[in-house]
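Here is the structure we will look at.
The values are calculated or read from the model by the stated rules, or taken from the named source; none is laboratory data. This one's a predicted model, so the numbers in the text were calculated from it and none came from an experiment. Quick reminder, even Gly has a Cβ in these numbers, built from the backbone with ideal geometry, and neighbours come from all protein chains shown. Areas reflect the complete protein model, heavy atoms only, side chains present, ligands, DNA and RNA absent. Shrake-Rupley method; radii C 1.70, N 1.55, O 1.52, S 1.80 Å.
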There are 2 protein chains.
Amino acid sequence: MGSTKLTGDGKRQITSFFVPGDIPDLHGMHLSVLDCTFSSLARASLGFMRHDAMRAICDRHASIAAIFWRSTLIDAAIYREWVTNVGRRDAYTRMAHILCELIVRLHSMGIIKDHVANLPVTQAALADALGLSTVHVNRVLQELRRNGLIFTEGTRFHAVDWAGLVRAGDFDATYLHQRTATTF
Amino acid sequence: MGSTKLTGDGKRQITSFFVPGDIPDLHGMHLSVLDCTFSSLARASLGFMRHDAMRAICDRHASIAAIFWRSTLIDAAIYREWVTNVGRRDAYTRMAHILCELIVRLHSMGIIKDHVANLPVTQAALADALGLSTVHVNRVLQELRRNGLIFTEGTRFHAVDWAGLVRAGDFDATYLHQRTATTF
DNA sequence: CGGAATTTTGATGTCATTCAATGTGTGTGG
DNA sequence: CCACACACATTGAATGACATCAAAATTCCG
């Protein structure tokens, strides 16, 4: 799952990926107009909750509101990092970085063992997330494989050399604001 | 004023500009660790408020909390647009777009007359916000001037052809989530 | 099994970077 | 009040990272 924006000339930018456990439209609670679209990149199961019900809960319980609020602030922090990633890092670094992010986020949801993740994300989706062409995404992935950093097989993704991938991706998980440090 | 991130190899990315009236560190209220730095791009005057005081207010008054929350959600929406801008628009469009955003935001604070704004922003800062080199920023600005879209004189900035700039920048103000439509 | 989606490859083009000067304005100290 | 820095803007030439185009190979899935 991800959120997507389209430019006037029809180019697509994926502005975020959602991992299991995320609440995609939490931002919609206080924003009456949608400024991006949600789409699933693979089979997904969703739960729904009415905005007014959510608002009622938040009105009544400030501590719960704070938790949801915090969640959206982390989303914002991730956006900041993406701006930086797309704006100032070259394609190779950029790719390594986003892979690190996905691994860490999936790991913190407990759906990864030994850095092996199920990533049902096409190269076209990666391209639209990173502001690259699919062709270049393909080449960069090959280079990451050649350098022994990653291994892929279908949708299975393995960070063979995690430390190396982190280094290659100029990755520092601080911006994900996890309470429990992710130790691999 | 803006928030800034640095990459491992020392490149700078400005992740947001603040206009008068913004609350830069609202995100810090529920995020214990800072993931970006704030810096002033020009002379600025600031007000300060303790986080715990803010939190106390928000705990007591859900409606005020909602307003602050909404403010951070708009920040997030702007980040989304910036990701799109940097990821999928070419330099010329990108520049026109960010200029539109600044004009609209300044206008909504009532500090613009006739599209003439005081923009104390160096070309280097624009470059770091747009993920471009200063040299290219300079050339793109010249092109915008040549096309009769903008006029600059020192820090004074004039959107000579607002409609044209909006078109050139593929700009749609929806993502700024203003309650009162900005009509020029 | 068959067709569509995805990945991969090669050749070529271009937008933007980098490097290296030069020009211009502005504030500071003598 | 001028000279001198220093920051900022501008210019040209050469290079490079990534895009685009087009086709082939592979995988996926009903």
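At 27 angstrom or more along the helix axis (alpha-carbon based) and mean Kyte-Doolittle of 0.0 or higher, what helices does chain A contain? Whole DSSP H runs only.
A:62-88
Work out, step by step, the length gained on full extension between B:Ser71 and B:Val19: first 0.36 nm times the residue separation, then minus their alpha carbon distance; give nm to one decimal.
17.4 nm
Pop out a list of residues from the stretch A:1-23 that are at least 40 Å² less accessible with all the protein chains around than in their chain alone; 1.4 Å probe, no ligands or nucleic acids counted.
A:Lys5, A:Thr7, A:Lys11, A:Gln13
With a 1.4 Å probe and all protein chains left in place, how much of the accessible area of the protein assembly as shown comes from carbon and sulfur atoms, in whole percent?
54
Test of understanding: in a Gaussian network model of chain B with alpha carbons linked when under 10 Å, which of B:Asp128, B:Asp161, B:Asp114 would top the mean-square fluctuation ranking?
B:Asp114
Note the distances from B:Leu6 to each other copy's matching label point, with points 7 Å along the Cα-to-beta-carbon direction, in nm, sorted shortest first.
Here the equivalent label points are 4.2 nm apart from this one.
With θ set to phi - 60° and the Karplus curve 6.51 cos²θ - 1.76 cosθ + 1.60, what are the ³J(HN,Hα) couplings of the stretch A:152-161 in order, to the nearest whole Hz, using x for Gly and Pro?
Result, rounded to whole Hz: 10, 8, x, 8, 6, 10, 10, 7, 4, 10.
Copy-to-copy spacing for B:Asp59, label 7 Å out on the Cα-to-C-beta vector, in nm, shortest first?
2.2
Could you name every residue in the stretch A:71-96 that has 30 Å² or more less accessible surface in the full protein assembly than in its own chain alone (probe 1.4 Å, ligands and nucleic acids excluded)?
Buried by 30 Å² or more upon assembly, which counts only protein chains, are A:Leu73, A:Ala76, A:Tyr79, A:Arg80, A:Val83, A:Thr84, A:Val86, A:Gly87, A:Arg88.
For the protein assembly as shown, give the magnitude of the charge dipole about the Cα centre (Cβ charges: +1 Lys/Arg, -1 Asp/Glu; no others), in debye to the nearest 20.
Details: 40 positive and 34 negative charges, 13 e Å.
It comes to approximately 60 debye.
Between A:Lys113 and the same site in the other copies, what are the distances in nm, shortest first, taking label points 7 Å from Cα along the C-beta direction?
7.1
For the protein assembly as shown, what does the convex hull of the Cα positions come to per residue, in cubic angstrom?
In the protein assembly as shown, the Cα convex hull volume per residue is 141 Å³.
Across the Cα atoms of chain A, what radius of gyration and what greatest pairwise Cα-Cα distance (Dmax) are found, in Å?
Cα only, chain A: 17.0, 55 Å (Rg, Dmax).
Averaged per residue, what accessible surface does the stretch A:52-176 expose to a 1.4 Å probe, in Å²?
Working: 5250 Å² over 125 residues.
Ligands and nucleic acids excluded, the result is 42 Å² per residue.
Can you spot the lysines whose alpha carbon is less than 28 Å from A:Lys11's alpha carbon? Ignore those fewer than 8 places along the same chain.
Counting by Cα, and skipping residues close in sequence, A:Lys11 has these lysines nearby: B:Lys5, B:Lys11.
In Å², nearest 100, what accessible area do chains A and B bury in total when the solvent probe is 1.4 Å?
4200
How large is the charge dipole for the stretch A:52-176, taken about the Cα centre, if only the Cβ atoms of Lys, Arg (+1) and Asp, Glu (-1) carry charge, to the nearest 20 debye?
The calculated dipole for the stretch A:52-176 is roughly 60 debye.
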